[in-house]
Amino acid sequence: MTVADYMAAANAHYYATRDPLGAAGDFTTAPEISQMFGEMVGIWIADLWLRAGRPAFSYVELGPGRGTLASDALRAMARFGAVPQGIHLVETSPMLRAAQAARLPAAVHHGDITGLPDDVAPLIVANEFFDALPIHQYVRTCDGWRERIVVRDRGALVPKAGSIPADEAVPAALRHHGEGTVVETAPAAAAIMQSCAFRLARRGGAMLVIDYGYSGPAAGDTLQAVKNHRFANPFAQPGEVDLTAHVDFSALAFAALGGGALVAGPVSQGEWLRRLGIDARMKALAAAAPDRADELAGQRDRLVEPDAMGELFRAMAIHAPTWPVPEGFAHPGGPS
Ligand code: SAH
């Protein structure tokens with residue numbers, strides 16, 4: 001099977017059979033580090049909604065984990081009067097659906113984005129969602145580009161170049177790379193992005209994508225596995241380790257533009273959180289609970305500082321052409 005089919009099957013089992021988040025799980029995400037993360041997302045939505053003229057809207061989240069981000073964001077939004085007409089969560093994992101329902105009793109679940117209602121402008125959030133979607137890998141052999149497949153070799157699963165020529169599947173800008181080079185594409189991610197962009201262009205609204213990644217086109221093997229907060233072999237223990245790949249923000253932006261939406265960013269997560277006011281929020285929380293000041297400063301640093309999540313993670317917004325430019329990104333003509 002292809003690396004993409006392998007990744008899809010392994011992650012479907014992985015997410016269906018556990019809650020992977022937090023110290024006792026395999027990895028920790030930004031909303032699980034601090035309430036300030038979800039609050040900044042909520043403030044970002046409230047600001048945009050106010051400037052758009054307070055239209056009816058729905059809150060949509062893709063891969064909402066434990067529902068922590070949504071509950072922190074919705075609480076922050078409510079302070080500005082931004083109350084969604086509906087809360088829609090796209091989630092495949094029955095276990096995580098249960099955790100989300102406990103936190104957000106009013107939420108409606110969807111298995112994929114096709115069933116989302118199309119009645120009002122959606123405000124869509126996707127944090128560490130796109131990195132979990134399957135990628136195709138292509139490897140340059142002496143006979144040209146081949147798709148990478150996963151085969152059994154003496155009892156172990158290993159990646160290997162397939163036999164069908166795949167030069168056309170490799171982005172033209174990357175085809176010149178030499179033997180041994182790996183190139184990745186993420187058609188599943190692009191399809192979801194373009195479908196969201198169609199909705200935004202038609203109904204209004206905006207989408208916030210936060211993830212780790214790069215601005216392509218770029219070559220490189222970014223498939224990685226994490227177990228118990230450590231890197232693992234992606235091909236050992238399928239379905240028992242978290243498989244992710246770095247997100248190509250340029251490819252997502254291209255898909256969004258193709259769907260008729262506009263794109264703002266990406267900027268680094270640290271920059272985006274600072275522009276949204278995380279330092280002021282930290283001071284306000286610390287003033288209200290002085291004994292927690294050090295803990296809050298530590299959380300802020302993990303989210304913002306370049307040697308933690310601040311640089312590797314990026315934020316990008318997609319918005320309807322009829323909506324205002326979202327806050328926290330480069331202003332037209334200004335510095336990025
Ligand atoms: N956004 C959360 C969780 C990130 S983990 C946070 O920041 O804490 C990835 C999330 O995406 C999980 O909720 C997982 O179950 C979900 N997910 C993974 N693949 C999916 C798919 N194909 N469709 C819908 N949800 C998916």
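The values are calculated or read from the model by the stated rules, or taken from the named source; none is laboratory data. The structure presented is a predicted model; accordingly, all values stated were derived computationally and were not measured. Positions of Cβ are backbone-derived with ideal geometry, glycine not excepted, and every protein chain shown enters the neighbour counts. The area values use the complete protein model at the heavy-atom level, side chains included, leaving out ligands, DNA and RNA. Shrake-Rupley method; radii C 1.70, N 1.55, O 1.52, S 1.80 Å.
Applying the criterion of being among the β-branched types (Val, Ile, Thr) and open to solvent by 10 Å² or more (accessible area, probe 1.4 Å) to the residues of the range 33-60, the residue that is nearest to the ligand (Cβ to nearest atom) is Ile33.
Rundown of residues vs (1) closer than 23 Å to Val151 by Cα; (2) in contact with a Lys or Arg (Cβ under 9 Å, 6 or more places away or on another chain); (3) at pLDDT 95 or above; (4) of a type outside the set (S, T, N, Q), yes/no style:
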site: Arg230; (1), (2), (3), (4): no, no, yes, yes
site: Pro238; (1), (2), (3), (4): yes, no, yes, yes
site: Phe249; (1), (2), (3), (4): no, yes, yes, yes
site: Gln269; (1), (2), (3), (4): no, yes, yes, no
site: Trp272; (1), (2), (3), (4): no, yes, yes, yes
site: Lys283; (1), (2), (3), (4): no, no, yes, yes
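Reported count of residues in the range 112-168, each being more than 16 Å from the ligand (Cβ to nearest atom), closer than 30 Å to His88 by Cβ and open to solvent by 40 Å² or more (accessible area, probe 1.4 Å), is 3. Only residues that are farther than 11 Å from Gly328 by Cβ and either in a helix (DSSP H, G or I) or of a type in the set (A, V, I, L, M, F, W, C) (or both) were counted across the range 242-267, and they come to 16. Against the definition (open to solvent by less than 30 Å² (accessible area, probe 1.4 Å) and either aromatic (Phe, Trp, Tyr) or assigned to a loop (DSSP other than H, G, I, E, B) (or both)), how does Gly220 come out, yes or no? In short, yes. Mind counting the residues in the range 1-32 that are open to solvent by less than 20 Å² (accessible area, probe 1.4 Å) and either under 18 Å from the mean Cα position of the chain (by Cα) or hydroxyl-bearing (Ser, Thr, Tyr) (or both)? Result for the range 1-32: 12. For first residues located in the range 167-185 and over 15 Å from Ala245 (Cβ atoms), partners that are open to solvent by less than 30 Å² (accessible area, probe 1.4 Å) and in a helix (DSSP H, G or I) and lie 6+ apart or on another chain with Cβ distances below 9 Å form the pairs Thr181/Leu174.
Can you name every residue in the range 88-102 that is open to solvent by 20 Å² or more (accessible area, probe 1.4 Å) and more than 8 Å from the ligand (Cβ to nearest atom)?
Within the range 88-102, His88, Pro94, Met95, Arg97, Ala98, Ala99, Ala101, Ala102 meet the criteria.
Within the range 268-291, the presence of a residue that is part of a strand (DSSP E or B), in contact with a helix residue (DSSP H, G or I) (Cβ under 8 Å, 6 or more places away or on another chain), crowded, with 20+ Cβ neighbours inside 10 Å and in contact (Cβ under 8 Å) with a residue 24 or more places away in the chain is excluded. Within the range 41-61, residues that are part of a helix (DSSP H, G or I) reach no partner that is open to solvent by 20 Å² or more (accessible area, probe 1.4 Å) and within 16 Å of the ligand (Cβ to nearest atom) with beta carbons closer than 6 Å at six or more positions or on different chains.
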